[in-house]
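The structure is given below, and queries will be raised subsequently.
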Amino acid sequence: MFVVEIKAELSPFRLSLNAREPVELMIEIENNSSKEQMISYDIILGNHLAFDKAGRSNAQTKRFDSLQPGERMRDYFEVYPKISVQKGEQVIYIAVMEHFNKDYKYILSKKTKELSLRVD
């Protein structure tokens, strides 16, 4: 059973090619269990999006050795268009894993979420 809740939001909901301004991706994870959890998450952007202006990085991984019961963590990322981006929908994948045995290679459970970013 997955005891960690994940929220993800984009602000604004659309990426304007004319403005070439990034959108902000907010990730929030909350431990709804009664015990401490070891958590990691991966964010994978589509081939036409990046976490930097130069377009070199389209994946992020974060690890949390200890997320206490009821504790929330929130991270913000800027998402930029790559030169090759076309108008339409771009998908952002988020995967949150609960680990055990005090080792990130052991996955107890995994939850995924997809966000759709409209490019105009």
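The values are calculated or read from the model by the stated rules, or taken from the named source; none is laboratory data. Owing to the predicted nature of the structure, the values given are computational and were not obtained by experimental measurement. Reconstructed Cβ throughout: ideal geometry from the backbone, glycine too, with neighbour counts over all protein chains shown.
For residues that are more than 12 Å from the chain's Cα centre (by Cα) and surrounded by 13 or more Cβ atoms within 10 Å (Cβ to Cβ), scanning just the range 73-96, find the one that is nearest to PRO22 (Cα to Cα). Before the answer, list the steps.
Kept after step one, since they are more than 12 Å from the chain's Cα centre (by Cα), are these residues of the range 73-96: 73, 80-90.
Remaining after also requiring surrounded by 13 or more Cβ atoms within 10 Å (Cβ to Cβ): 73, 80-82, 85, 90.
Working: MET73: 22, TYR80: 5, PRO81: 7, LYS82: 11, VAL85: 13, GLN90: 14 Å.
The residue in question is TYR80.
For the range 38-53, which positions are among the polar types (S, T, N, Q) and either over 18 Å from the mean Cα position of the chain (by Cα) or at pLDDT below 90 (or both)? Step through it out loud before you land on a result.
Initial filter on the range 38-53 (among the polar types (S, T, N, Q)): 40, 47.
If the condition is that a residue be among the polar types (S, T, N, Q) and either over 18 Å from the mean Cα position of the chain (by Cα) or at pLDDT below 90 (or both), then ASN47 is the only one that fits.
For (1) in a strand (DSSP E or B); (2) hydroxyl-bearing (Ser, Thr, Tyr); (3) in contact (Cβ under 8 Å) with a residue 12 or more places away in the chain, each residue gets a yes or a no:
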{"residue": "LYS62", "(1), (2), (3)": "yes, no, yes"}
{"residue": "ASP65", "(1), (2), (3)": "yes, no, yes"}
{"residue": "PRO69", "(1), (2), (3)": "no, no, yes"}
{"residue": "TYR76", "(1), (2), (3)": "yes, yes, yes"}
{"residue": "TYR80", "(1), (2), (3)": "yes, yes, yes"}
{"residue": "GLU98", "(1), (2), (3)": "yes, no, yes"}
{"residue": "LEU108", "(1), (2), (3)": "yes, no, no"}
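Matching residues to (1) more than 18 Å from LYS110 (Cβ to Cβ); (2) of a type in the set (D, E, K, R):
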| residue | (1), (2) |
| --- | --- |
| SER16 | yes, no |
| LEU25 | yes, no |
| SER34 | yes, no |
| GLN37 | no, no |
| LEU45 | yes, no |
| HIS48 | yes, no |
| ALA54 | yes, no |
| SER66 | yes, no |
| ARG72 | yes, yes |
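Something else: Just give me the residues in the range 26-50 being closer than 18 Å to SER116 by Cβ and part of a loop (DSSP other than H, G, I, E, B), in sequence order.
GLY46, ASN47, HIS48
Looking only at the range 18-37, filter to residues that are surrounded by fewer than 14 Cβ atoms within 10 Å (Cβ to Cβ) and of a type in the set (A, V, I, L, M); which one of those is nearest to the chain's Cα centre (by Cα)?
MET26
Filter the range 82-96 down to residues that are more than 25 Å from GLU36 (Cα to Cα) and either of a type in the set (A, V, I, L, M, F, W, C) or assigned to a strand (DSSP E or B) (or both), then give me how many there are. Show your work before the answer.
First, the residues of the range 82-96 that are more than 25 Å from GLU36 (Cα to Cα): 82-93.
Pick out the ones that are also either of a type in the set (A, V, I, L, M, F, W, C) or assigned to a strand (DSSP E or B) (or both) and you get 83, 85, 88-93.
The qualifying residues number 8.
Another one. Among the residues of the range 48-58, which ones are over 23 Å from GLU98 (Cα atoms) and either surrounded by 12 or more Cβ atoms within 10 Å (Cβ to Cβ) or touching a strand residue (DSSP E or B) at 6+ places or on another chain (Cβ under 8 Å) (or both)? Please lay out each step first, then the result.
Residues of the range 48-58 over 23 Å from GLU98 (Cα atoms): 48-57.
If the condition is that a residue be over 23 Å from GLU98 (Cα atoms) and either surrounded by 12 or more Cβ atoms within 10 Å (Cβ to Cβ) or touching a strand residue (DSSP E or B) at 6+ places or on another chain (Cβ under 8 Å) (or both), then HIS48, LEU49, ALA50, PHE51, ASP52, LYS53, GLY55, ARG56, SER57 are the ones that fit.
Check off (1) within 17 Å of the chain's Cα centre (by Cα); (2) surrounded by 13 or more Cβ atoms within 10 Å (Cβ to Cβ); (3) closer than 14 Å to MET97 by Cα; (4) of a type outside the set (Asp, Glu) for THR61 and give me the number that stays unchecked.
(2) is the only condition that THR61 fails.
Which of the residues belonging to the range 51-60 are in a strand (DSSP E or B) and not polar (S, T, N, Q)? Before you say what the answer is, go through the steps one by one.
The initial filter retains those residues of the range 51-60 that are in a strand (DSSP E or B), namely 59-60.
Listed by number, the list holds a single entry, ALA59.
Which one of LYS102, LYS35, LYS82 is among the basic types (Lys, Arg), at positive phi and either touching a Pro at 6+ places or on another chain (Cβ under 7 Å) or at pLDDT below 95 (or both)? Working first, answer last.
Numbers: LYS35 fails: at positive phi; LYS82 fails: at positive phi.
From the options LYS102, LYS35, LYS82, the qualifying one is LYS102.
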